[in-house]
Amino acid sequence: MSEPRPDSARAAVDSVVDAVRGLVDEGINRHVVVRDSRNDVLLEVPVALGLVAAFAAPVATTIGAGLALVGKCGIKIEDRRQPGEEPATVEPEQV
């Protein structure tokens, strides 16, 4: 049996780390915004924080989303990047 080469394993780990950093960056730049019928912002949280809350308390998250929809509120995901800023992308590497 051949042993895995340390260089290829390190490249694979670096690729995964870069992909996770890109996803975290995207989650921080995008916000979940809940607005009422008068277009006032009731809640604004980064997507990354919303995902953590959804995994930590899925029942409370579901009830909150249901109440927001019943109460004539709009739920939207907005991008908070500055104009001209490039989205984080990761190129897949051949290992």
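Summary table below
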quantity	calculated
Lys, Arg +1 and Asp, Glu -1 on Cβ, resulting dipole of region 14-88 about Cα centre, debye, nearest 20	440 debye
FRET efficiency, Val52 to Asp79 (Cβ-Cβ, R0 25 Å, nearest 0.05)	0.80
Carbon plus sulfur fraction of accessible area for region 22-70, probe 1.4 Å, in percent	73 percent
Förster radius 30 Å - calculated FRET efficiency between Leu23 and Val59 (Cβ-Cβ, nearest 0.05)	0.75
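The values are calculated or read from the model by the stated rules, or taken from the named source; none is laboratory data. All values derive from a computational prediction rather than experimental measurement. Heads up, the Cβs are rebuilt from the backbone with ideal geometry, glycines too, and the neighbour counts pull from every protein chain shown. Just the protein is used for accessible areas: all its heavy atoms, side chains included, with ligands, DNA and RNA removed. Shrake-Rupley method; radii C 1.70, N 1.55, O 1.52, S 1.80 Å.
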